[in-house]
Amino acid sequence: MSPRTPRRPDALSKEKIVATAIDILDREGEGGLTFRALAARLATGSGAIYWHVADKDALLAAATGDVITRAMSGVGTGGEGGAEPRQAIRVIALGIFDAIDAHPWVGAQFSRQPWQPAMLRVFEAIGGRLHALGVPERVWFDAWSALVTYIFGAAGQNAANARLQAPGTDRSAALAAIADGWARLDPADYPFLRQVAPQLSGHDDRAQFLAGVDLILAGIGTVQK
């Protein structure tokens, strides 16, 4: 028998490694992503993977960057592009919401490493529209901070809520049960929750998220130079 030809590090591409890592993360979460599991999926040795990716942190950053790059496709980092700036911010926000909804681990990565390149691109894309909106420079940071905090916080919480539900859970039925509980609260102690209970059971998470973005943008629009 002829000796087996050694695997070469360049037999794999970083893109293929990252795509496989994303699939593992989506299916099993961050705990399931190990270089051993990745090597098994790619039918290669760990050494070939390390040739392209230094460690797990670098792999997670690359996977996060890939997801966000796709979510931000077609959206410039500044005020260029032709889209009205308010609408551009809404598009960016929904892109992030949908990306984190589809890949819940991305939200955790942003919390852990907020200054990674993928995050900076989103920061710039949102902040770059503030001048076009006529926001005074003295409140750029405050306005930008309010937007990014809400976008990532709300998107991450939505994904976390979804992960807490058992597979096959009927979301509408679950919300209806919560709303029914709110409706039965003591009216003297919980008048507000009783009042909004009917809206809870039928609300759309994505639409509610966008309504929050619009409220923040409306508030930013009231700031005078």
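Every number in this text was worked out from the coordinates using simple rules, so none of it is lab data. Keep in mind that what you see is a predicted model, and the values were worked out from it rather than measured. Cβ: placed from backbone, ideal geometry, glycine included. Neighbour counts: every protein chain shown.
From its DSSP helices (H runs of at least four residues, each -39,500 (n - 2.57)), the chain gives a residue-normalised ellipticity at 222 nm of -21000 deg cm²/dmol. Between Leu185 and Glu15, the modelled labels are 5.1 nm apart [label points 7 Å from Cα along Cα→Cβ]. Averaging 1/r over each pair of different alpha-carbon atoms in the chain and inverting the result gives 20.2 Å, the Kirkwood hydrodynamic radius. Once the Cα-Cα distance is subtracted from the 0.36 nm per residue extended length, the Ile178 to Glu84 segment shows a gain of 30.0 nm.
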